[in-house]
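Novice: First, the structure itself, so that you have it in front of you.
We did not get these values from a lab; they are worked out from the coordinates using the rules stated. Small disclaimer: the values here were computed from a predicted structure and weren't measured. Backbone-built Cβ (ideal geometry, glycine too); neighbour counts: all protein chains shown.
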Amino acid sequence: MNSLIFTHTFRFIILAMFQVLVLNHINFLGYINPSLYILFILLYPLKNNRVIFIFVSFLLGLTIDMFMDSGGVHAAAAVTIAFIRPFVLKFSFGAVYDHQTMKFGNVEFGSKLTYITILTVVHQFVLYALEIFNFSKIILTLQYTLFSSIFTIILCVLTTIIFSRRNK
C-alpha cells in the first residue's frame, strides 16, 4: 500500500515538474502545447476512492495553473476528465472494465488508444474553450484542440510504451 502511494506521489511530482519546466516552454507553431501531465489522471488506479481521485486531479491541474498563471483552466480541464473517466473506461474497454480486472498494460492497443484519445481531446477542448472563452472564435478553439491533442496523444502513447513494465 505504501509503495503504491509512493509510486503515485512520485508520478504526480515528476509529471507536474516535467510539464512546468519543459513542456510549457514548447509552443510549436505558436499554439501547440502538449499536456503530458494528464497521464497521471489516465493511469490512476481504478479501484481507488473517486472523491480523492477528483480532488487529486484538481490539485494537479491547480499546480500547473499556479506555475503558468492561467487562472484555473488546467484545474477545470483536469477535473472534467477525472469526472468522465469511468464512462470513457466503460466505453473503451467494455466488459474488461466492468469486472474491475483490467490492467492498463495488458489491454489491447486499440482500446488504450481510444481511451487516451477521448480523454485528451475532452481535456484540450475544455482547456482551450475556457482559455479563449469566446464563441466567435470556435474555429480557433477547435484548431488549438486538434493540434495540441495530436501532440499530447503521441507523447502519452510513447511514454506509456517506454515506461511500461514487461509482464512476460
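Novice: For the chain, compute the number of Lys pairs whose alpha carbons are separated by less than 28 Å, excluding pairs fewer than 8 positions apart on the same chain.
Specialist: 10
Novice: Then there's this: Using a 10 Å cut-off on Cβ atoms, rank the peptides 62-74, 41-53 from the highest mean neighbour count down. Present the calculation step by step, with values, prior to reporting the outcome.
Specialist: Numbers: 62-74: 16.7, 41-53: 13.8.
The packing order, highest mean first, is 62-74, 41-53.
Novice: Sticking with this structure for a sec: Helix 73-93 sits at what angle to the longest principal axis of the chain, using alpha carbons and giving 0 to 90 degrees rounded to 10?
Specialist: In the chain, helix 73-93 runs at an angle near 40 degrees to the longest axis.
Novice: With θ set to phi - 60°, apply the Karplus curve 6.51 cos²θ - 1.76 cosθ + 1.60 along region 144-159 and write out the HN-Hα couplings as whole Hz, x wherever there is a Gly or Pro.
Specialist: 4, 4, 4, 6, 5, 5, 4, 5, 5, 4, 4, 5, 5, 5, 4, 5
Novice: Give me the base-10 log of I(q)/I(0) for the chain at each q in 0.13, 0.14, 0.19, 0.21 Å⁻¹, Debye formula, one uniform scatterer per Cα, rounded to two decimals.
Specialist: -0.62, -0.72, -1.35, -1.63
Novice: With θ set to phi - 60°, apply the Karplus curve 6.51 cos²θ - 1.76 cosθ + 1.60 along region 127-136 and write out the HN-Hα couplings as whole Hz, x wherever there is a Gly or Pro.
Specialist: 4, 6, 5, 6, 5, 7, 6, 8, 5, 5
Novice: Relative contact order (percent) for region 43-85, with alpha-carbon contacts under 8 angstrom and 6 or more residues of separation?
Specialist: So the answer I get is 38 percent.
Novice: Please arrange Glu131, Glu108 by how many other C-beta atoms lie within 10 Å of their C-beta, fewest to most.
Specialist: Ranking Glu131, Glu108 by Cβ neighbours within 10 Å, fewest first, gives Glu108, Glu131.
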